[in-house]
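The numbers here are math on the coordinates, done by the rules we state, and not lab data. Small disclaimer: the values here were computed from a predicted structure and weren't measured. Cβ coordinates were reconstructed from backbone atoms using ideal geometry, including for glycine residues, and neighbour counts include every protein chain displayed.
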Amino acid sequence: MSVFFYLAAFIMVTRIAKTFKFSPLRPKWKPMFSTAQLAIALAYPFSEIAGDGISSIIAGGILLYLVYFGLREQDFKPFKPYLEAHYPLIGVAFVYGLTKLILPKFVSEYEEYSLIPIVAAFIYVLGRWAASKKQMEQINIFSQRNAELDRLVAERTAELTNQKEELQATLEQLQATQQQLIQSEKLASLGELTAGIAHEIQNPLNFVNNFSEVSMELIDEMKEELEKGDKEEATAIANDLKDNLSKIIHHGRRADGIVKGMLQHSRASSNVKEPTDINKLADEYFRLAYHGLRAKDKSFNAELETHFGDQLPTVNIVPQDVGRVLLNLFNNAFYAVHQKQKDNSEGYKPTVTVSTIAKDKQVFITVRDNGNGIPEEVKDKIMQPFFTTKPTGEGTGLGLSLSYDIIVKGHNGKIDVKSEENSYTEFTISIPG
Amino acid sequence: MKILVVDDEADVQPLFLQRFRKEIKNHEFEFDFALSGEEALDYMKEKHSEIVLILSDINMPGMSGLELLLRIRHDYEVPPPVVMMITAYGDDENRNQAMSSGANDFLTKPLDFNLLKEKLKELEH
C-alpha cells in the first residue's frame, strides 16, 4: 500500500519541477528536484524490504519533510495549497503504517477498507492539484502580463528620460538666449540713448568752450581797464571771471556725469545698491530719452513736465537698473504721444509728465503720458516677455518685463499701470525707501 | 538794436552778455532773454515793435524753436523781425526745414560768436 505515498511524493516533486521548466528559478532547483526524484524512486524498493508498515511510515516522513521544506521556501509559495493538500495523505500514511506494525492482523483483515482512506487522500491531493493548476495558469497569465507591462514601463521610462534630457538641454539654451536678449535689450536702449547722450554732452561742452574763450577775452579787457586805472571795472570783470570758471566746472561735471551714466548703463549690472537721488536720476533719463527721440525723428516734439517732490529721501537702489526702467517708461510714453500726434495733430498737445513723491516710507515715481492709452484687452499682457504692440523690429517686447523684474524682484517694489484708451497711460513705480 | 535770445539753457544769458560786453556798453546791442518758446511769445506780445532780431534754439522742451518761428511768422507780418535759428543738429534736413519755415539764417552749435557778431553788424547797416 505504501506505493501510493511514494507515488504522491514523486508526483509532487515532478509536478513542481515541471512548472519550473520555464522559470528563471529552474537552474537553482533543477538538481534538487532530480535528486529528490531519484531518492524517492530508490527509497520505495528499499523500504519495502522492511515491510509495508515501516515503508508507509518512511513515505509519510518523506512527504512531511517535502511539505515542510516547500512551505519554508519562498520560491514555492504559489504551491502552498497544493503542498498543504498532502496533510491528510501524510496522516493516513502514519496511521496506516503504525496500525500495520501494531495490529498487522487487524489490517490484513480489513485490507480492502484501509484502501479507502488512502485512495481518498490521494484523490484529494490530485483534486487540489487540478484546482491549483488552474490558479497557477492564471497566475502565469498575470505574470506574463506583468512582464509585458514592466517592459512597456521601462520603454516609456527610457523615452521620458530622453525627453527630459532634451528638454533640459533646450532649457539651458533658452536661458543662454535669454541672457543674450537681456544684453541686447540693454544695448538697444543704449543705441536709442546715443543721440540723446551726444546732445546732452554737446551742450555742456559748448558752455565749457564758450566760457573759456570769453574768459580769455575778459582777461585782456581786465588788463586794459587796469592800465586805464579803472579799478572798479576791473573788479567787476574779475567777478565775472570767477563766475565763468565756476560755470566751466559746473558744465564739465555735467558732461562727466552723463558719460559716467552712459557707462553705467551699458555695463553689466553690478547689483550694488547705493543711496540715490531719485529726482536727479529721473531728470537725467527724462532728458536723455527725449533728446534721443528728437534726434531720431525731428517731427517729434513733446511737452516735458516734471513735478519733483522736495524733501525726497535718497533711496537704496541699483541706479543703472532703475535708470533702465525709467528710460524704458519714458521711451514708451514718448512713443505713445508721438503715435497720437501722427494721428491727429490738430489741437493735440503731446505731454509727458514725471512726478516723484515720498509717502508711507515709500518713494513713488509716476510717468504719465496723454497718448493713446493701453487697450483693455492687452493690459494683462504688457508685462509678459516678448509682448509688444510695436511693429516687428521696433520693439523687443522685453522692456516692461525686464522693468518688472528689476523693480519687483530686484527692489521689492511695485509697478502699477493705469490707463484709459485714447486718454492717458500712467505707470507708477513704488520702491521702499 | 534789440535782440531776443530764446534758449532753455539759462547759462546762455551770461555768455551772451559777456561776449557782447563791449557792444552792450557802447549801446550797439541790447539783449533780452526767454527760456522757452512760450515765454518768447509772451515777450513779443508786449515788445514786438522793439525787437529787431530773434535768436532761437530749436531743441527746447515744449514749444520748439521751429514752432515759435511759425507762430512769429504767422502773428507778426509787419514789420517782420529777423529770426535766426540755432541748433545742435546742423544737418541739411534741419536747415531746410528752418529756412522753409521762414528763418532768415541758420546757425549751428557750438555758436561761432565772431561769425554771429559779423552777421549782426551787417544787419545794423
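The slack between A:Ser423 and A:Val259, meaning 0.36 nm per residue of separation minus the straight C-alpha distance, is 55.4 nm.
Pick from B:Glu50, B:Glu23, B:Glu77: which residue has the top mean-square fluctuation in a GNM of chain B where Cα pairs under 10 Å get a spring? Its mean-square fluctuation being the largest, the pick is B:Glu77.
Computed from the Cβ-Cβ distance with R0 of 30 Å, the FRET efficiency linking A:Lys228 to B:Lys117 stands at 0.80. Computed 3J(HN,Hα) for the stretch A:23-37, one whole-Hz value per residue from the Karplus formula 6.51 cos²θ - 1.76 cosθ + 1.60 where θ = phi - 60°, is 8, x, 7, 3, x, 5, 9, 3, x, 4, 4, 4, 4, 4, 4, glycine and proline marked x. Strictly over 29 Å apart at the Cα level, which of A:Lys21/A:Lys80; A:Lys340/A:Lys409; A:Lys242/B:Lys117; A:Lys359/A:Lys409; A:Lys247/B:Lys117; A:Lys223/B:Lys117 would you flag in this model? With Cα atoms farther than 29 Å apart: A:Lys340/A:Lys409.
Could you point to the residue in A:Thr314, A:Pro88, A:Ala169 farthest towards the positive end of chain A's charge dipole, with +1 and -1 charges on the Cβ of Lys/Arg and Asp/Glu respectively? Working it through, the farthest residue towards the positive pole turns out to be A:Pro88.
Using θ = phi - 60° in the Karplus curve 6.51 cos²θ - 1.76 cosθ + 1.60, the 3J(HN,Hα) couplings for the stretch A:279-288 round to 4, 5, 4, 5, 4, 4, 6, 4, 5, 4 Hz; x is entered for Gly and Pro. Of the chymotrypsin sites (Phe, Trp or Tyr not before Pro) found in the stretch A:356-433, those in coil by DSSP whose Cβ has at most 16 other Cβ atoms within 10 Å are A:Phe386, A:Phe387. Site pair A:Lys280 and A:Glu377 shows an inter-label distance of 4.7 nm when each label is modelled 7 Å from Cα along Cα→Cβ. Between helix A:111-228 and chain A there is an angle of about 10 degrees, using the helix long axis and the longest principal axis of the Cα atoms. For the protein assembly as shown, the calculated P(r), taken from all Cα-Cα distances in 20 Å bins from zero up to the bin holding the longest distance, is 16, 29, 14, 7, 11, 11, 8, 3, 0 percent. Using Cα atoms only, what is the angle between the long axis of helix A:231-266 and the major principal axis of chain A, expressed in degrees (0 to 90) to the nearest 10? It works out to around 20 degrees. For the protein assembly as shown, a crude dipole built from +1 on the beta carbon of Lys and Arg and -1 on the beta carbon of Asp and Glu, taken about the Cα centre, is about 5220 debye to the nearest 20.
Taking all C-alpha pairs of the stretch A:274-433, those more than 18 Å from each other amount to 57 percent. Take the Cβ atoms of A:Glu303 and A:Ala154, set R0 to 51 Å, and the FRET efficiency comes out at 0.10. Of all the options A:Val315, A:Val119, A:Val272, the one that moves most in a Gaussian network model of chain A with Cα springs shorter than 10 angstrom is A:Val119. For the peptide B:16-27, the mean number of other protein chain Cβ atoms found within 10 angstrom of a residue's Cβ is 3.
Between amide H atoms placed 1.01 Å from N, distances below 5 Å from A:Glu305 occur with A:Val352, A:Thr353, A:Val354, all of them 5 or more places distant or on a separate chain. Could you check which residue among A:Gln163, A:Gln178, A:Gln74 shows the biggest mean-square fluctuation in a GNM of chain A with a 10 Å Cα cutoff? Taking springs between Cα atoms under 10 Å, the residue moving most is A:Gln74. A compact globular protein would have a Cα radius of gyration near 2.2 N^0.38 Å; the ratio found for the stretch A:373-412 is 1.23.
Computed over chain B, the convex hull of the alpha-carbon atoms projects to a mean area of 7.2 nm². Can you find, among A:Ile382, A:Ser403, A:Ser419, the residue farthest towards the positive end of the dipole of the stretch A:374-427? Put +1 on the C-beta of Lys and Arg, -1 on that of Asp and Glu. Comparing the listed Cα positions along the dipole, A:Ser403 ranks first. Computed from the Cβ-Cβ distance with R0 of 35 Å, the FRET efficiency linking A:Gln202 to A:Thr170 stands at 0.15.
Inter-chain Cβ neighbour count for B:60-71, averaged per residue, equals 3 (cutoff 10 Å, partner chain atoms only). Once backbone amide H atoms are built at 1.01 Å from N, B:Asn59 has B:Gly65, B:Ala88 as its partners under 5 Å, excluding neighbours fewer than 5 places away on the same chain.
Charge dipole (Cα centre; +1 on Lys/Arg Cβ, -1 on Asp/Glu Cβ; no other charges) of the stretch A:296-357 amounts to roughly 220 debye.
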